[in-house]
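Scroll down for the structure; my scribbles are underneath it.
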Amino acid sequence: MENFHGELHANNELTLLKKSEENPFESMMQRFDVAADILKLDQGVYEYLKTPARQIIVSIPVQMDNGKVEVFEGYRVIHNDILGPSKGGIRFAPDVHLDEIKALAAWMTWKCAILNIPFGGAKGGVKCDPTKLSKSELEKITRRYTASMMDVFGEEKDIPAPDMGTNEQVMAWIMDTYSMHIRHTETAVVTGKPIIIGGSEGRKEATGRGVMQVTITAMNKLGIVPTESTVAVQGFGNVGSLTAELLSQQGCKIIGISDVTGGYYNKSGINIPEAIAYVQQNKTLKGFKGGDKITQEELLELECDVLIPAAKEDQITAKNASKIKAKIIAEGANGPTTALADPILKEKGILVIPDILANAGGVTVSYFEWVQDRVGYFWSLDRVNRRLERMMRLAFDSVYTTSKEYNVTLRIAAYVMAIDKVSKTLKLRGIYA
Ligand code: NAD
């Protein structure tokens, strides 16, 4: 059995090497294929799970501050809703495209399955540059996008959340626009809202807290002592900055950080609260004096125990994977490692905690927020954090056990677990004709 799975995995890795590594949906499917082979997934179920249930593209006309009308393109992809209402963030970025949203939606399906959250997977996006828009333009785009999605969104249907380029304020506008259309306030239609309008304690830092927890668990497995460890973090937004802060509170030395303006290195450790305060004042790390300037590549290739990619997709590729020196990679971002890089990291003995496990703290507390909104009773921060910790620990242990059972990486184990759960649910529910 073990031999069979080992051979199967090796053969699939060879196939992976022949495929392109630039398309995130393709990258997701390459891992899906390996897991589907291991599970001997029925061909019909395979086709069903690889195809998104719905893909919506809308035009968003907006009168800009200069009086001219600009038209933006918006997307929502519902990958699968077999486990429950679909759930997934909304990304505002100039280069966002449908294949990226399709991949992100599928990752949400797998993530919810691994964490045992009763949600399916979805993702949305608007092709725009939020850093170049005024607050009023951003609000108009958000409200018109929401109005176009009135048939899609719903607290029992499809529930958005923040992602790159969106934040609590954007979620508040979505909630308000949706509520205006249905003529009553509906807080549970979106998560990641400000606490004062039905958000949850602990949601803002939930993804970073989950990344911190799985990183410390992995360190324990490898015998790395957190207070003697060094960490590099790529991306200093919601996920990167809070992961860095929480790991530094655990005694880890954060020797490198970066954002879109470049990397910063300090072998004695960067003062993370200082870096966060700097970004709050200056929007980016540009000009930060708490470390020496390094390139994006140098940050990823730093000599350290843990590397946390927390920016965007396709950062660790077949080109740079062999140069990575970290012992653990904890994927705060979605899809930061390409499928072609996976076998190289495995060969080097690097323990990769895959995105669909490592960054699932966000959707877990989003689920808590949805539950609290629907019951109308709100939990303390302590209760949120305790429940989050328990769910992340359970998920990590299950993925770890599955990886031993099938003799595969944590990433393939996570896909095996998720696809197994969704396909079993599908079999029980059956295909409605
Ligand atoms: P964000 O917009 O708050 O921050 C993104 C950060 O990445 C910024 O600091 C930006 O400057 C930096 N960045 C962008 N391009 C970069 C590059 N080429 N090199 C280095 N840094 C770069 O976004 P976020 O919410 O922190 O999301 C980051 C990643 O985490 C995304 O992949 C997102 O899908 C994923 N994620 C987010 C959440 C969440 O709750 N926010 C949950 C799960 C996964």
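Values quoted throughout were computed directly from the atomic coordinates according to the rules given, and no laboratory measurement underlies them. Fair warning: this is a prediction, and the values are worked out from it, not measured in the lab. Backbone-built Cβ (ideal geometry, glycine too); neighbour counts: all protein chains shown.
Using C-alpha pairs below 8 Å separated by at least 6 residues, the relative contact order for the chain is 17 percent. Spread over its residues, the convex hull of the C-alpha atoms of region 206-353 is 91 Å³ per residue.
Identify the GluC sites (Glu not before Pro) of region 236-338 meeting these criteria: DSSP loop state and at most 12 other C-beta atoms within 10 Å of the C-beta. Show your work: numbers first, answer last.
Values: sites: GLU245, GLU274, GLU297, GLU298, GLU301, GLU303, GLU313, GLU331; in loops: GLU301, GLU303, GLU313, GLU331.
Answer by residue number: GLU303.
The spread of Cα positions in the chain, taken along each principal axis and listed from longest to shortest, comes to 61, 59, 42 Å.
Exceedance of the 25 Å cut-off in Cα-Cα distance is limited, within the set LYS289/LYS327; LYS157/LYS283; LYS111/LYS346; LYS127/LYS346; LYS50/LYS312; LYS68/LYS135, to LYS289/LYS327; LYS157/LYS283; LYS127/LYS346. Charges on Cβ only, +1 for Lys and Arg, -1 for Asp and Glu, centred on the Cα centroid of region 248-332; of ASN282, PRO309, ASN320, which one is farthest towards the dipole's positive end? The listed residue farthest towards the positive side: ASN282.
The dipole here belongs to region 39-197: it is taken about the Cα centre, uses +1 on the Cβ of Lys and Arg and -1 on the Cβ of Asp and Glu, and is about 40 debye.
Straight-line cross-link partners of LYS221 among the aspartates and glutamates, defined as a Cα under 18 Å from its Cα and at least 8 positions apart when in the same chain: ASP305, GLU331, GLU389, ASP397, GLU405. Residue order for LYS427, LYS421, fewest other beta carbons within 10 angstrom first, comes to LYS427, LYS421. Diagonalising the gyration tensor over the Cα atoms of region 320-433 and scaling each eigenvalue by 5 before taking the square root yields semi-axes of 29, 21, 13 Å, largest first. Towards the positive end of the charge dipole of the chain, with charges on Cβ (+1 Lys, Arg; -1 Asp, Glu), say which of PHE72, PRO24, GLY84 has the farthest Cα. Positive-end residue among those listed: GLY84. Ranking CYS112, SER380, LEU39 by Cα position along the charge dipole of the chain, where only Lys, Arg, Asp and Glu carry charges on their C-beta atoms, puts SER380 farthest toward the positive end. For the chain, the share of DSSP beta bridges that are antiparallel, to the nearest 5, is 50%. Listed from fewest to most Cβ neighbours within 10 Å, the set HIS184, HIS97, HIS79 follows the order HIS184, HIS97, HIS79. Fewest neighbouring Cβ atoms within 10 Å first, the residues LYS123, LYS68 line up as LYS68, LYS123. Global dimensions of region 53-192 from alpha-carbon coordinates: Rg and Dmax equal 14.3, 48 Å.
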